[in-house]
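Laboratory data are not the source of any read-out in this text; all were calculated from the coordinates shown. Remember, it's a predicted structure, so these values are computed and weren't measured experimentally. Here the Cβ is made from the backbone with ideal geometry for all residues, glycine too, and neighbour counts use every protein chain on show.
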Amino acid sequence: MNIIFIAPPAAGKGTVSSLLATNYGYEHISTGELLRKEINSGSELGQEVKEIIDKGELVGDELITKMLTKELTRVANAKFILDGYPRNVAQAETLNQIFNNLGITDYLAIYLAIDEDLATKRALGRIICSKCGSTYNKYFTELSPKKEGICDKCGEKLVTRSEDNESTFKVRYQTYLQQTAPVLDYYQKINKLVTIDSSRESDEVFNSIKEIIGVSKWLQSKILKKSN
Ligand code: AMP
């Protein structure tokens, strides 16, 4: 089963995606991460992208969809997680078309629900690895790195994302409400939406996701037995 995460900024979609990738072999496709790689490459395009991200706005659909299509083709038949796409209804419609073209029907959209205050606290405490992209949080003991300022996984320096400041976060949250929240209705209408309370600790959120994946496998085996 493939997974699409839909969530306000800093709801923890990056963290649970990494857990799923590490423990269950999912291909983790993060559009935010793809854009950050472009920025770090020092290209002209990366500079343009950085300005948009730093304002708290969304990057243009055309560029992001091109990046996504390339990644989906790369992972071919593997199971995957989409972290950060779709972020508006037009992208959801495009994704639907891509899935139709590739014959992908086995997927669920998981909404990681969290209120604005907690999302703000998570964003302002977030620190990420400058090399491997692992995420930590200085305001939550269970999410802090073992050694201050150093990545547990690769030993590189941890940095703050330039968009994780209070004023940009407010704009990002408004962008989410206006453009991304309607995507929830889109998946609700086609019976593909599941909601999870993401205000809990990441291992609890992860357990809920495992249940969803497990239940789906159980249901699938029942359906298969019936049709045999
Ligand atoms: P994220 O790491 O998912 O929080 O993404 C960081 C930033 O990258 C977002 O605030 C957007 O500016 C941009 N971004 C990521 N994914 C998309 C997308 N699907 N469409 C447009 N912009 C995106």
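Some points to look at:
- When the Gaussian network model of the chain links Cα atoms closer than 10 Å, the mean-square fluctuations of Ser130, Ser167, Ser144 top out at Ser167.
- Neighbourhood charge, 10 Å Cβ-Cβ cut-off, centred on Tyr139 and excluding it, Lys, Arg +1 and Asp, Glu -1: +4
- Rounded to whole Hz, the Karplus (6.51, -1.76, 1.60) HN-Hα couplings of region 149-156, x for glycine and proline: x, 10, 6, 4, 7, 10, x, 7
- Each Cα pair under 8 Å and six or more residues apart adds its sequence gap; the mean of these over the residue count of region 63-205 is a relative contact order of 31 percent.
- Region 177-182 - phi-based ³J(HN,Hα) in whole Hz, Karplus 6.51/-1.76/1.60, Gly and Pro as x: 4, 6, 9, 8, 3, x
- Summary of packing: across the peptides 45-52, 171-178, 24-31, the per-residue average of other C-beta atoms within 10 Å ranks them, highest first, as 24-31, 171-178, 45-52.
- Surrounding net charge for Lys192, when Lys and Arg each add one and Asp and Glu each subtract one, Cβ distance under 12 Å: -1
- Placed amide H near Asn88: partners under 5 Å, 5+ positions off or other chain: none
- Radius ratio Rg over Rh of the chain, counting only Cα atoms, Kirkwood formula for Rh: 0.96
- Fraction of antiparallel bridges per DSSP, the chain only, in percent to nearest 5: 25
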